[in-house]
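FYI, it's all coordinate maths here, none of it is from the lab. Predicted, not measured: the structure shown is a model, and the values here were computed from it. Using ideal geometry, Cβ is built from the backbone for each residue, glycine included, and neighbour counts are taken over all protein chains shown.
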Amino acid sequence: MRCILKRLSVINALNNARRFHNSGYNFDLTNHDLNVQQKQNNALQTTSEDLSVITSYFPKSFNLAAYVNSSDTLQTLLHLNVNLSKIEKKPFVAEKILKLNFEEEDTKGILMFIKDYVGVEDIGNFLTKNPLILFETVEDLKIRVNYLESKKFKNESIRRIITQNPFWLMFSTIRIDKRLGYYQEKFKLCGSEVRHLATKQPNLITYNLHHIQTNSFVIKEEMGFNDNEVKQLILKKPKLWMISQNSLLERFNYVHNIMKIPHEKVLHYPNILLCRNFKVKQRHIFLEKLGRAQYDTTKENYVPLSALVEDTDQDFCKRYAKCLVDDFNTFLKTM
């Protein structure tokens with residue numbers, strides 16, 4: 001039965017093929033092929049119109065370079081040394097920039113204000129980091145700068161704050177006032193100390209407050225610094241509040257619990273908590289093997305904590321390990 005059904009299906013297929021052939025259907029050139037061929041011929045025809053502005057459709061991860069020839073805004077930004085490759089990584093920002101018209105909006109006024117009034121020298125780097133500043137108003141920017149002047153920030157401090165943190169001017173005076181008030185109350189700072197902190201590390205003031213609060217807990221409760229020491233730390237090395245909690249605690253545990261460095265020495269040289277743990281560990285273990293891991297200033301062959309962080313390997317070996325750098329390199333291969 002299966003053989004009969006199979007034979008019938010074969011016969012039907014042959015009959016269908018004969019009907020297609022006898023109907024005059026051209027299998028060599030279909031109607032679809034004719035349409036495609038006609039479209040290709042039309043695409044090759046000459047035209048007097050300017051087609052240079054026509055570009056392909058770009059997805060969200062497009063390249064701004066494709067629009068430079070037809071965009072006066074992009075050409076102006078390039079003239080200012082703005083790095084468009086960084087801006088295009090954020091499609092929302094890139095789309096806004098493409099729609100920006102330097103002539104219709106007060107964009108030139110904003111640029112002049114930032115450069116001439118505030119004193120930002122590298123305007124290209126500033127706009128690369130924060131191109132959205134072009135969508136603010138000159139009036140709002142003046143109000144935010146005037147607020148700092150009212151709080152007795154010197155012109156040089158204002159210039160440094162805004163240059164180092166281009167996003168500062170995106171915060172309203174109310175938000176900035178609350179942030180400065182938070183640090184003043186949290187760390188018991190006086191007015192001059194608040195100004196010092198904001199000038200030294202402007203990014204800290206606008207940083208994520210949850211992260212700041214968590215690092216404050218780690219430094220005080222888990223690392224064991226008292227309130228006065230915490231205040232000294234944030235004024236001396238505010239960047240400690242901006243690194244990850246795990247890295248901060250891991251570095252302190254090694255320095256304090258393994259190397260036996262007391263709190264007061266860490267307070268004297270907090271930079272050691274900003275260095276990657278593996279570098280400190282390598283140099284400390286090497287000094288231990290040589291019998292030179294001596295961090296007490298009252299004893300002979302004293303090695304400052306800065307030697308574990310700052311010097312090159314060659315200088316470290318020459319000044320503190322008292323050996324050839326090749327010996328240190330050989331030791332590193334064993335770790």
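Screening LEU77 against (1) within 23 Å of SER172 (Cβ to Cβ); (2) surrounded by 15 or more Cβ atoms within 10 Å (Cβ to Cβ); (3) of a type outside the set (Gly, Ala, Ser); (4) under 25 Å from the mean Cα position of the chain (by Cα) leaves a single unmet condition, (1).
Restricting the stretch 160-191 to residues that are closer than 29 Å to ILE123 by Cα and polar (S, T, N, Q), which is surrounded by the most Cβ atoms within 10 Å (Cβ to Cβ)? Of everything passing the filter in the stretch 160-191, ASN165 is surrounded by the most Cβ atoms within 10 Å (Cβ to Cβ). Determine if the stretch 252-263 includes at least one residue that is out of contact with any Phe, Trp or Tyr (no Cβ under 6 Å at 6 or more places or on another chain) and on the phi > 0 side of the Ramachandran plot. Yes, because at least one residue in the stretch 252-263 is out of contact with any Phe, Trp or Tyr (no Cβ under 6 Å at 6 or more places or on another chain) and on the phi > 0 side of the Ramachandran plot.
Residues in the stretch 174-205 that are of a type in the set (Val, Ile, Thr) and under 25 Å from the mean Cα position of the chain (by Cα): ILE176, THR199, ILE205. Applying the set (1) in a helix (DSSP H, G or I); (2) under 30 Å from the mean Cα position of the chain (by Cα); (3) closer than 29 Å to LYS333 by Cβ to ASP315 leaves exactly one unmet item: (2).
Condition first: more than 30 Å from LEU180 (Cα to Cα) and surrounded by 15 or more Cβ atoms within 10 Å (Cβ to Cβ). Can you find one or more residues in the stretch 262-275 that meet it? No, the stretch 262-275 contains no residue that is more than 30 Å from LEU180 (Cα to Cα) and surrounded by 15 or more Cβ atoms within 10 Å (Cβ to Cβ).
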